[in-house]
Amino acid sequence: MLQQLDGVLTEWRKFDSNRCLDAAELEQIVRNIDRARRQFDSKLFFVVIFGPLKAGKSTLTNTLAGEYVSPTGFGKETTRRPSLVICGVKSGIDQYFSTDPEVNHFLSQRRLRKDSAAGAAAEDETQKLGKVREAFDAVADYLRGIRSNDEFHGRIRVNTLHLNAASLEEALTQDLTTEPLLTVIRSKGGHLLSHGVAIVDMPGLDGSRSNWRADPIHEWVISRAEFFLFVQSSVAALNNETHDFLKEIVAQSTKPPVWLVQNIFDARHWQPEEKRKKAADEQREEGKRRVIELLNEAPRAALGLNVGLAWDAKSEDQSEWLARSEFPKFESDLTDVLHAERALIQERNCLEYLSQRFGEAKKQLELSANRIAELRKKHQDVRNKLETAQATVDAVNYRSDWESAVRGEISTIAEAAAKPWLDSLENEASKLCERHKLDRTGKEVNAELANVAVRVATEGASKHFAKPLLLPQYVKLASQYCKSAENDAVTRCNQILSELKLLELSIPLQPTAEDVPLLPEDSFTGDKLKETPWWNPLWNTEHNPATLENHIGLVAKGWRQQIHTRKENWVNQALTDHFSTYCEKRRKHFRAHLQRLLADCGAVAKPKEEAANATEILIGQMNEALRNLEQPLGNAIASMK
Ligand SMILES: Nc1nc2c(ncn2[C@@H]2O[C@H](COP(=O)(O)OP(=O)(O)OP(=O)(O)O)[C@@H](O)[C@H]2O)c(=O)[nH]1
Ligand SMILES: [Mg+2]
């Protein structure tokens, strides 16, 4: 199974997740499983000593180490931060600090119960908690010998102190400006330490200063330690804090062994031997009974020993005291059990840990796959909506009411423009009629009429159908009519766009002078002026008011007709050439906007979709590898039970 896992990890390390979505998460999966793989090669075995305040935890730690490695004290909370005691070639105290100020702030807020708000202040700090866990794991992996300190990448700083009572006091019992992640005590070590056991000495769980519920080291200890010594004393009560901690330990899927160590504080030392022994047995049994009562579960072993006596015996080299303390038997039992079970426990923990990482990985891969599906759906949704918007604009029918409404309106504009023109023609004609009554010949009248023709004809284009005059009316008509033809299409488009948080359609430009047709400046045709009335052969030389007036009337009528024709032409041109062009300009304006948005969305979506495709392939490969490993992992776990 491990060989297969190594193969998978080698493959996964080749992945280029730079181009993927959720790259950080995918890399984290690889890191986590890689870490789980390395655990199998761990050289350390973590034994955790925990219990209520003043139970003698540190004294037991010292006795097991055979050296003063953890401060002890009467009548005060002594151990304020956990320490990890290991065997070292050289003695010393190593404080492992994070170099991340956020992590340090987080730890100092959570580790020591300085005020009641400290624990609660950090609810939204899951991300920081993740970093802290990562840092613990990094240090622990380093200590386990499965990671080199190069891999700390400058994220961890180590401060080393000499191993002596004063430094121990400072490192483990005092306030520090920066909270270390872990404090490691390197000791020459007793029997256990020299066999690769690391002893974790915890602060009293019911301490008023250390804060086990908030300090993430406890969570880490619960999940990663391999063996627990629960130290109870005859003078300390089993309180809720200890109870809860115990419950969390036994709830672990790895079911780590828990030994109850009842520290018999010199029970009835004034009594003869057998009574002392009886009292000690009673204390141990009582301790065990209380644990069973609380947990519905017996500890793996329940022992009574006099830890204080054992420590004094060791430090003062009193072999008779040592025998009396029951410590040698405890130490050899523990050694035997560890010898017999250590590999098994470690392997089981590693398998369980690996299986948990697999579970997490599968969940994460599923999340990523869902995110990809969501992303694709979102992009498709945007595209669909924009296409709907476009179809809405395309469906606008500007011509539906073309003939009647628009032609009518344009005709009215033309009518109004032509009216003063016609009036002006009328006026000129009647002025001529007045003049010819005096004394004119037909020739003279025709010459004047020719002048009038030129003047009045040019007036049409320059004065009455002048663009500045017509444009405002045309603009008004165009915007009113187009708006009503567009109806609610623009509103519907804008609704879609605002839902998509995209720029809404702008109002198109109003018609400009170019959108209004020009009236040609042609002069009126003068055919009638060449005619000589058959009934008056002396037309050119003679004065005859009746015929001249008739003649002027006829010419003016012809010109009026011409004005009408020009007006009608103008109307036709305005409608079919200019107005229709303007309508399509508006449609084009809307379409261009939507096309731009579609293109923009496409440009944004493209790299994401490409990343999604790459990620999907990776997820598929990772899932398949996990599936292939599940069976052998399951078999391995089953064989452990
Ligand atoms: N008489 C007697 N004293 C003991 C015994 N065990 C420990 N002591 C003393 O009790 C005091 C407290 O012991 P520690 O080892 O500091 O207890 P602890 O559980 O580590 O305490 P905290 O770290 O403060 O929770 C020390 O002064 C020890 O010397 C014992 O069996 N008999
Ligand atoms: Mg202590």
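The values are calculated or read from the model by the stated rules, or taken from the named source; none is laboratory data. Just so it is clear, the structure is predicted and the values come from calculations on it, not from any experiment. Quick reminder, even Gly has a Cβ in these numbers, built from the backbone with ideal geometry, and neighbours come from all protein chains shown.
What are the pairs, 6+ residues apart or on separate chains, where a residue within region 406-431 that is in the same structural domain as Lys483 (by TED's automatic domain parsing) and within 20 Å of Asn451 (Cβ to Cβ) has its Cβ under 6 Å from a residue that is part of a helix (DSSP H, G or I) and of a type in the set (Phe, Trp, Tyr)? These pairs meet every condition: Leu425/Trp559.
Pairs linking a residue in region 505-527 that is assigned by TED's automatic domain parsing to the domain that holds Ala556 to a residue that is part of a helix (DSSP H, G or I) and among the β-branched types (Val, Ile, Thr), with Cβ atoms under 6 Å and 6 or more positions apart or on different chains, are Leu505/Val490; Gln510/Val475; Pro511/Val475; Glu521/Thr458; Ser523/Val454. Determine if region 2-16 includes at least one residue that is surrounded by 18 or more Cβ atoms within 10 Å (Cβ to Cβ), in a helix (DSSP H, G or I) and either within 11 Å of ligand 1 (Cβ to nearest atom) or free of Cβ contacts under 8 Å to residues at least 12 places away in the same chain (or both). Looking through region 2-16, none of the residues is surrounded by 18 or more Cβ atoms within 10 Å (Cβ to Cβ), in a helix (DSSP H, G or I) and either within 11 Å of ligand 1 (Cβ to nearest atom) or free of Cβ contacts under 8 Å to residues at least 12 places away in the same chain (or both). Among the residues making up region 174-193, those that are of a type in the set (S, T, N, Q) and either crowded, with 20+ Cβ neighbours inside 10 Å or part of a strand (DSSP E or B) (or both) are Thr183, Ser187. Asn540 fulfils the conditions (1) under 60 Å from the mean Cα position of the chain (by Cα); (2) loosely packed, with under 14 Cβ neighbours inside 10 Å except for a single criterion, (1). If you take the residues of region 41-88 that are more than 9 Å from ligand 2 (Cβ to nearest atom) and among the acidic types (Asp, Glu), which of them is surrounded by the most Cβ atoms within 10 Å (Cβ to Cβ)? Looking at the filtered set, the residue picked out is Glu67.
For every residue, the table says whether it meets (1) free of Cβ contacts under 8 Å to residues at least 12 places away in the same chain; (2) under 17 Å from Asp201 (Cβ atoms); (3) buried (at least 20 other Cβ atoms within 10 Å of the Cβ); (4) among the hydroxyl-bearing types (Ser, Thr, Tyr).
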position: Glu226; (1), (2), (3), (4): no, yes, yes, no
position: Leu229; (1), (2), (3), (4): no, yes, yes, no
position: Ala251; (1), (2), (3), (4): yes, no, no, no
position: Val258; (1), (2), (3), (4): no, yes, yes, no
position: Val261; (1), (2), (3), (4): no, yes, yes, no
position: Ile264; (1), (2), (3), (4): no, no, yes, no
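For region 187-228, enumerate the residues that are within 13 Å of ligand 2 (Cβ to nearest atom) and of a type in the set (A, V, I, L, M).
Keep residues of region 187-228 that are within 13 Å of ligand 2 (Cβ to nearest atom), which gives 199-207, 209-210.
Answer for region 187-228, where residues must be within 13 Å of ligand 2 (Cβ to nearest atom) and of a type in the set (A, V, I, L, M): Ile199, Val200, Met202, Leu205.
Selection of region 194-216 for residues being crowded, with 24+ Cβ neighbours inside 10 Å and either part of a helix (DSSP H, G or I) or free of Cβ contacts under 8 Å to residues at least 40 places away in the same chain (or both) yields only Trp212.
So which of Ser194, Ser208, Ser187 is among the small types (Gly, Ala, Ser) and in contact with a helix residue (DSSP H, G or I) (Cβ under 7 Å, 6 or more places away or on another chain)? Walk me through how you get there before you give the answer.
On the way: Ser194 fails: in contact with a helix residue (DSSP H, G or I) (Cβ under 7 Å, 6 or more places away or on another chain); Ser208 fails: in contact with a helix residue (DSSP H, G or I) (Cβ under 7 Å, 6 or more places away or on another chain).
The match here is Ser187.
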